Amino acid sequence: MKNKVLEVMDDYPTLTYSGFSHWNPSRKTKSEYNKEFMNDRKSLSNAENEVTICLNWLKLVNKIKTINNYNSYGLKHVVERWTHPREYIANGSFIVAAIIAGFDVKYNTRTLNACFNISQKSIKKFNQG
């Protein structure tokens, strides 16, 4: 699993434990950003357990042809509620798992989140009750 996580990280060099990273000069210096970025990348490289949990959940949903508006941050919360006992799932861990599972990914450089071609009907069955 570690190798798969590292492969995704190589393919997506801005992907971190928090999601897709980008520097905002109004929030922190470049030096502060770089330090946080490296720590977040290291955390993601060690998140195999979270990625495995997400992969198990992703086996229960269906792929569709188009990418919908459910983003990774909301979906990670769905997975957290699904786990017993509840487990913390990082945004980046969910994104890595979805990519490993073969879902299409769409993201932009202004947010940490990504969207996928996961069936809305599949997601809704986990949001009931």
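Laboratory data are not the source of any read-out in this text; all were calculated from the coordinates shown. Not measured: the values here are computed from a predicted model. Backbone-built Cβ (ideal geometry, glycine too); neighbour counts: all protein chains shown.
Read phi for every residue in the stretch 58-63 and hand back ³J(HN,Hα) as whole Hz from Karplus 6.51 cos²θ - 1.76 cosθ + 1.60, θ = phi - 60°, with x for Gly and Pro.
After applying 6.51 cos²θ - 1.76 cosθ + 1.60, I find 5, 5, 9, 10, 9, 7 Hz.
For the chain, divide the Cα radius of gyration by the Kirkwood radius and give the resulting Rg/Rh value with two decimals.
Answer for the chain: 0.97.
Taking the Cα-to-Cβ direction at ARG27 and at ILE64 and moving 7 Å from each Cα, how far apart do the two end points lie in nm?
2.9
If you average over every viewing direction, what projected area does the convex hull of the Cα atoms of the stretch 55-129 give, in nm²?
Seen from a random direction, the Cα hull of the stretch 55-129 projects 4.8 nm² on average.
Please give the peptides 20-32, 60-72, 111-123 ranked by average Cβ packing (other Cβ atoms within 10 Å per residue), highest first, as a rough proxy for protection.
111-123, 60-72, 20-32
Quick query: amide H of LEU15 versus all other amide H atoms, modeled in the peptide plane; which residues come in under 5 Å with a sequence gap of 5 or more or a different chain?
SER21
Starting from the Cα-Cα distance between ARG110 and MET38, subtract it from 0.36 nm times their residue separation and give me the gain in nm to one decimal.
24.0 nm
Using the Cα centre of the chain as the reference point, and only Cβ charges (+1 on K/R, -1 on D/E), how large is the resulting charge dipole? Debye, rounded to the nearest 20.
That gives the chain a dipole magnitude of about 400 debye.
Work out the P(r) tail for the stretch 14-78: percent of alpha carbon pairs separated by more than 19 Å, whole number.
The proportion of pairs with Cα distances above 19 Å equals 47 percent.
Taking +1 at the Cβ of each Lys and Arg and -1 at the Cβ of each Asp and Glu, which of GLY19, ALA90, ILE118 sits farthest along the dipole of the chain towards its positive end, judged by Cα position relative to the Cα centre?
Going by the charge dipole, the pick is ILE118.
So, in Å, what gap is there between the alpha-carbon centers of the stretch 1-33 and the stretch 56-129?
Centre-to-centre (Cα) distance: 19 Å.
Beyond a 24 Å Cα-Cα separation, which of these cross-linked pairs lie in this structure: LYS35/LYS59; LYS4/LYS42; LYS2/LYS30; LYS63/LYS124; LYS42/LYS65?
Going by Cα-Cα distance, LYS35/LYS59; LYS2/LYS30; LYS42/LYS65 fall outside the 24 Å limit.
For the chain, what does the relative contact order come out to in percent, with C-alpha contacts under 8 Å and a separation of six or more?
Over the chain, the number comes to 34 percent.
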